[in-house]
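Every number here is computed from the coordinates shown, using simple stated rules; none is lab data. Keep in mind the model is a prediction, meaning the values are calculated, not measured. No Cβ is skipped: glycine too gets one built from the backbone with ideal geometry, and neighbour counts run over all protein chains shown.
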Amino acid sequence: MKALAIFILIVVFLAIIYIWDVRQKKHTILRNYPIVGHFRYILETLGIYLRQFWFASDREELPFNRATRVWVYRAAKNIDTTVGFGSTRDLRPVGTVFFVDAPFPVLGEDAVETRPVTIGPYCKKPYVAQSLFNISAMSFGSISKNAVLALGEGAKKGGCWLNTGEGGLSPYHLESGCDLVAQIGTAKYGFRDQDGKFSNEALRGVALFPQVKMFELKLSQGAKPGKGGILPAVKVTPEVAAIRFIQPYKDSISPNRHPEISNVTELLDFIDHIRTLTGKPTGFKVVLGSYEWLDDLCIEILKRGIEKAPDFITLDGAEGGTGAAPASLIDYMGLPIAESLPVLVDTLVEYGLRDRIKIIASGKLVTAGEVAWALCVGADFIASARGFAFALGCIQALKCHTNHCPTGITTHKPHLMNGLDPTNKAVRVANYLESILYETGVISHSCGVREPRQLTRKHARIITEKGLSVSLAELYPDKMPGTKGL
């Protein structure tokens with residue numbers, strides 16, 4: 001009798017679905033194929049997970065393939081990252097980069113520690129940055145408090161900086177005592193008054209914290225150049241809203257640019273204003289598209305004097321990530337960092353500003369090979385957000401904007417967020433940082449230099465359309481320093 005009752009319930013349930021399907025007019029598939037048509041939508045929803053674990057090969061998935069994710073996971077867990085038999089990385093596609101090994105590589109005992117670099121030598125409080133690899137911008141609100149706590153403690157253990165993102169400085173950023181880069185976004189979250197205007201008092205208040213070492217003025221970011229930050233209403237909790245000085249549970253949409261900045265003159269004015277009030281190094285973050293304006297910027301800097309230059313430029317590539325952005329911008333807007341980084345470096349060289357302005361490269365640089373490439377091209381530092389997100393346990397579920405992140409990183413739902421233990425994940429963050437620095441060192445020693453920042457363009461080659469490689473030094477010949485500044 002029990003089995004019969006269950007059978008009748010199933011039949012009634014399917015009959016109800018059948019009647020609903022054939023009478024509704026919204027979905028043609030369901031109207032034409034009642035009941036079975038639902039499998040189409042179920043498989044569409046599950047498709048991303050089926051591809052990720054069953055059907056996609058180790059090297060073909062986007063935005064990050066399985067081989068990359070697994071390497072980060074193992075590095076974060078301090079598991080041996082050595083492999084056997086041979087590489088699965090295909091060296092044939094155009095644009096593939098590899099490094100040139102020296103006939104007489106550097107012995108381990110001859111290797112040296114990566115030197116600290118001073119940012120903002122003309123500031124009252126210059127910043128001596130210890131690590132060449134650092135944590136890029138991820139706002140509290142976009143990520144959970146547990147994620148912020150883990151990143152901060154991991155940064156403290158590893159000796160790198162943590163960028164706050166445009167969501168403002170939260171108590172969770174300060175808890176670990178790690179070095180912080182305070183980002184000022186177009187909406188001025190954390191740096192505004194109750195009317196939404198930029199506040200000098202709020203800026204001074206943030207600058208009082210000794211952990212805050214630098215200020216980064218965000219002009220644009222890789223995944224959405226030309227569009228401001230987007231934090232969906234479901235993620236604007238009362239706590240997030242209080243830090244940002246906005247209304248809770250309403251979409252947090254930043255302007256697509258700073259209202260105060262419409263040209264290079266106003267950009268330098270605003271940077272100088274922040275630096276004067278805080279006494280700390282100040283620079284800006286940008287994605288290059290049209291890069292002719294860099295000439296205007298450099299000319300204006302030379303008119304004012306190099307002490308008025310931005311202390312650093314964070315260059316994000318079009319391949320950069322975000323918690324939420326229109327697909328049209330993610331897919332089509334901005335230049336990849338492989339093209340834009342050499343342009344920025346060479347422009348600063350030509351105007352004699354390369355030593356004055358430090359370059360921080362960002363945008364999908366999550367492995368030692370990618371870090372070494374950026375150093376070869378001319379970056380001073382590399383910053384990564386998604387690499388450290390993987391270290392926290394990100395599984396690339398692509399649910400960052402929904403508040404349903406299964407790993408507790410980009411959600412404020414307590415039952416999901418509590419699964420992320422900050423103490424445990426902080427160790428993984430520090431392990432990942434250590435692995436990146438170690439393996440970048442391995443690459444540099446194999447190239448015959450004693451430390452990673454001695455890598456140059458001659459140490460890397462790139463595959464061309466002919467199937468042969470060319471040295472980056474030939475592809476991007478050295479520019480004559482200061483020739484455009486004469």
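So for the chain, taking the charge dipole from beta-carbon charges (+1 Lys/Arg, -1 Asp/Glu), which of 263, 415, 165 sits furthest toward the positive end?
Comparing the listed Cα positions along the dipole, 415 ranks first.
To the nearest 10 degrees, how steeply does helix 293-304 sit against the main Cα axis of the chain, on a 0 to 90 scale?
Between helix and principal axis, roughly 40 degrees.
The list (i) 26.7, 81; (ii) 24.7, 95; (iii) 27.4, 106 gives values of Rg and Dmax of the Cα atoms in Å, and only one came from this structure; which label was calculated from it?
(ii)
Which whole number in µm²/s is D for segment 122-161 by Stokes-Einstein, with the Kirkwood Rh taken over Cα pairs at 4 °C and 1.567 mPa s? It would help to have the intermediate numbers written out before the result.
Working: Rh = 11.6 Å.
Approximately 112 µm²/s, per Stokes-Einstein.
Distance between the C-alpha centers of segment 130-180 and segment 386-454? Whole Å please.
12 Å
Please list 136-149, 230-243, 104-117, 471-484 highest first by mean number of surrounding beta-carbon atoms within 10 Å per residue.
136-149, 230-243, 471-484, 104-117
What residue among 440, 353, 67 has its Cα farthest toward the positive end of the dipole of the chain, where the charges are +1 on Lys, Arg and -1 on Asp, Glu, each on the Cβ?
In the chain, that residue is 67.
Could you work out the helix-only [θ] at 222 nm for the chain, with each DSSP H run of four or more residues adding -39,500 (n - 2.57) and the total divided by the number of residues, to the nearest 500 deg cm²/dmol? All intermediate terms of the calculation are to be shown ahead of the outcome.
On the way: 17 runs with 181 residues, N = 486.
Value at 222 nm, helices only: -11000 deg cm²/dmol.
Calculate how steeply helix 368-377 sits against the longest principal axis of the alpha-carbon atoms of the chain, using the helix alpha-carbon long axis, and give the answer as 0 to 90 degrees to the nearest 10.
Tilt relative to the chain: about 40 degrees.
Rounded to the nearest 10 degrees, what's the angle between the helix 2-23 long axis and the longest principal axis of the chain, both from Cα atoms, 0 to 90?
Compared with the principal axis, the helix lies near 70 degrees.
Starting from the eigenvalues of the Cα gyration tensor, five times each then square-rooted, give me the equivalent ellipsoid semi-axes of segment 273-420, largest first, whole Å.
Numbers: eigenvalues 218, 61, 44 Å².
The equivalent ellipsoid of segment 273-420 has semi-axes of 33, 17, 15 Å.
Work out how much length residue 101 to residue 293 would gain on full extension: take 0.36 nm times their residue separation and subtract the Cα-Cα distance, in nm to one decimal.
On the way: separation 192, 0.36 × 192 = 69.12 nm, distance 3.74 nm.
Answer, rounded to one decimal: 65.4 nm.
Find which of 237, 123, 154 sits farthest along the positive direction of the dipole of the chain, computed with +1 on the beta-carbon of Lys and Arg, -1 on that of Asp and Glu, about the Cα centre.
After comparing all options, I get 237.
Note the full-extension length gain between residue 15 and residue 122 as 0.36 nm times their separation in residues minus their Cα-Cα distance, in nm to one decimal.
Values: separation 107, 0.36 × 107 = 38.52 nm, distance 7.65 nm.
Result: 30.9 nm gained on full extension.
Past 20 Å, Cα to Cα, is the threshold; run 213/250; 156/285; 145/285; 358/479; 157/213; 77/156 against it and keep the listed order.
On the way: 213/250 32 Å; 156/285 23 Å; 145/285 24 Å; 358/479 17 Å; 157/213 17 Å; 77/156 17 Å.
In this structure, 213/250; 156/285; 145/285 lie more than 20 Å apart at Cα.
How would you rank 336-345, 93-102, 267-276, highest first, on the average number of other Cβ atoms within 10 Å across their residues?
Numbers: 336-345: 19.9, 93-102: 13.3, 267-276: 18.3.
Those peptides, ordered most packed to least, come out 336-345, 267-276, 93-102.
When the chain is fully extended, how far beyond the present Cα-Cα distance does residue 483 get from residue 304, taking 0.36 nm per residue of separation? Mind dumping the intermediate values first?
On the way: separation 179, 0.36 × 179 = 64.44 nm, distance 1.80 nm.
Length gained between residue 483 and residue 304: 62.6 nm.
Sort the following peptides by mean Cβ neighbour count (other Cβ atoms within 10 Å, averaged over residues), highest first: 352-361, 393-402. Please list the in-between numbers first.
Numbers: 352-361: 21.1, 393-402: 18.2.
Result, highest mean Cβ count within 10 Å first: 352-361, 393-402.
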